[in-house]
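Only one structure is covered here, and it is reproduced in the block below.
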Amino acid sequence: MKKSTQLFVGLSLFGITLIGCAQNQEAPTATAPAASAPSVDGSKYLLQAEPEGASDVIAVREAAEDGADVLIVGRIGGGENPWVEGQAAFSIVDGSLKACSDIPGDGCPIPWDYCCETHKLPTSTALVKVVDANGDLVKADARELLKVKELSTVVVKGKAKRDDAGNLTILASGVYVKK
């Protein structure tokens, strides 16, 4: 009796896993913001004019020291879900990389994951965190706060933050969304 119960539970879990995997294989759509995220006025974080002199992600990754003021330009993406849920944070990718939608005939359902350029992503991405006047991460979904989506091109003004592994985070005081 005990073995049959274990077998039933094991098969049930296996079936649930298969159903979950099959659902994950469907073509994903652009992710929607979390409905429970608090509403914050994003206008104070949006730059009204495009700042001049922005550098690409790769150049800033190579040159920016921890704490340096930076002006960086990139496209939102770099993974299936480039967003930090419920936070004003997202990843950007250097403009030299091609999203799948930039390649004629490529029908990739998730072009912002840059799956055709995956090997270049580790040195071509940066994390953007929109911070308030106190330097605290804004607790609002970036998509709603800044009216952006996957593959939006943004110019970000902020401070470079480096970790021990050399990863680059931009603590953003302002974002310009290119049209």
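Descriptive notes on the structure:
- For the range 59-81, filtered to residues that are out of contact with any strand residue (DSSP E or B) (no Cβ under 7 Å at 6 or more places or on another chain) and closer than 22 Å to Ala142 by Cβ, the residue that is surrounded by the fewest Cβ atoms within 10 Å (Cβ to Cβ) is Glu80.
- Taking each residue of the range 42-71 that is farther than 21 Å from Thr125 by Cα and modelled with pLDDT under 95 and looking for partners that are surrounded by 12 or more Cβ atoms within 10 Å (Cβ to Cβ) and among the hydrophobic types (A, V, I, L, M, F, W, C) with beta-carbon atoms closer than 7 Å, six or more apart or interchain, yields Gly42/Leu145; Gly42/Leu146.
- Identity of the residue in the range 152-176, of a type in the set (A, V, I, L, M, F, W, C) and under 12 Å from Val60 (Cα atoms), that ends up surrounded by the fewest Cβ atoms within 10 Å (Cβ to Cβ): Ala160
- In the range 128-143, the count of residues that are part of a helix (DSSP H, G or I) and either within 15 Å of Leu46 (Cβ to Cβ) or at pLDDT 95 or above (or both) is one or more.
- Restricting the range 47-95 to residues that are under 20 Å from Cys116 (Cβ atoms) and in a loop (DSSP other than H, G, I, E, B), the residue that is nearest to the chain's Cα centre (by Cα): Pro82
- If you go through the range 80-111 and keep only what is under 24 Å from Gly42 (Cα atoms), touching a Ser or Thr at 6+ places or on another chain (Cβ under 8 Å) and modelled with pLDDT of 95 or more, you end up with Asn81, Pro82, Trp83, Ser91, Ile92, Val93.
- A Cβ distance below 7 Å, combined with a sequence gap of six or more or placement on separate chains, defines the contacts here; from the range 81-108, residues that are farther than 16 Å from Lys147 by Cα reach residues that are assigned to a loop (DSSP other than H, G, I, E, B) and hydroxyl-bearing (Ser, Thr, Tyr) in the pairs Asn81/Thr31; Val93/Tyr114; Val93/Ser124; Asp94/Ser124; Leu97/Tyr114; Leu97/Ser124; Ala99/Tyr114.
- Enumeration of residues in the range 115-142 that are surrounded by 18 or more Cβ atoms within 10 Å (Cβ to Cβ) and over 17 Å from Val154 (Cα atoms): Glu117, Leu121, Val138, Ala140
The values are calculated or read from the model by the stated rules, or taken from the named source; none is laboratory data. Predicted model, so just to flag it, every value in this text is computed and none were measured. Reconstructed Cβ throughout: ideal geometry from the backbone, glycine too, with neighbour counts over all protein chains shown.
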